[in-house]
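Notes follow once the structure below has been shown.
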Amino acid sequence: MFARSLLLAALAFWAGEALAEGPPPAVLQSELKYAPVPLFTGVFAAPVSGTATQPGALYALSVKYAAGARSLPHTHPDARVVTVISGRFYAGVGERLDESSLRALGPGDSIVVPAETVHYGWARDGEVLLLETGVGPSGASLWPKPPQR
């Protein structure tokens, strides 16, 4: 009984401390700083949290596709969870962009892209906003990869 009381007291203290610190920091869409993604025309990314290049770090990126923009077949060294925030995003897996194999995703839909999986995407119907999360280090390589010398 004493242990239970002690646990409840500790939880009440921790909850009080958390509330005293105020609400968690907000990341506002209007304040994000987007930059072009070098590999893909019409695709822009902004860090939301963490650093994608830091080993072992959880990161989140807000990614905007302009209407009609495509990400050609490419890979990442890490697994990613991609969630559609707005728009309709068409995603596919494979070494070439195959329109017949595209999967249409709407707001709230997510895909999990395993590490080193060749995949692609398209904002066929209009602008798309995505949230991509993973654990660094990350990066992107176009497919096919250039030959090693």
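General observations
- Protection proxy ranking of 46-52, 69-75, by the mean of other Cβ atoms within 10 Å over each peptide's residues and highest first, is 69-75, 46-52.
- Residue-count net charge about VAL84 - beta-carbon cut-off 14 Å; Lys, Arg +1, Asp, Glu -1: +1
- Of the residues GLU21, GLU116, GLU95, ranked by 1.4 Å probe accessible area with the largest first, the sequence reads GLU21, GLU95, GLU116.
- Taking a ≥ b ≥ c as the square roots of the Cα gyration tensor eigenvalues, the stretch 82-149 comes out oblate, since a/c reaches at least 1.5 and a/b does not exceed b/c.
- With a Förster radius of 22 Å applied to the C-beta separation of LEU32 and VAL93, the computed FRET efficiency comes to 0.20.
- Placing dummy labels 7 Å off each Cα toward the beta-carbon, the span from TRP143 to GLU116 is 1.3 nm.
The values are calculated or read from the model by the stated rules, or taken from the named source; none is laboratory data. Quick caveat, the model's predicted, so the values are computed rather than measured. Reconstructed Cβ throughout: ideal geometry from the backbone, glycine too, with neighbour counts over all protein chains shown. These area figures cover heavy atoms from the full protein model, side chains too; ligands, DNA and RNA do not enter into them. Shrake-Rupley method; radii C 1.70, N 1.55, O 1.52, S 1.80 Å.
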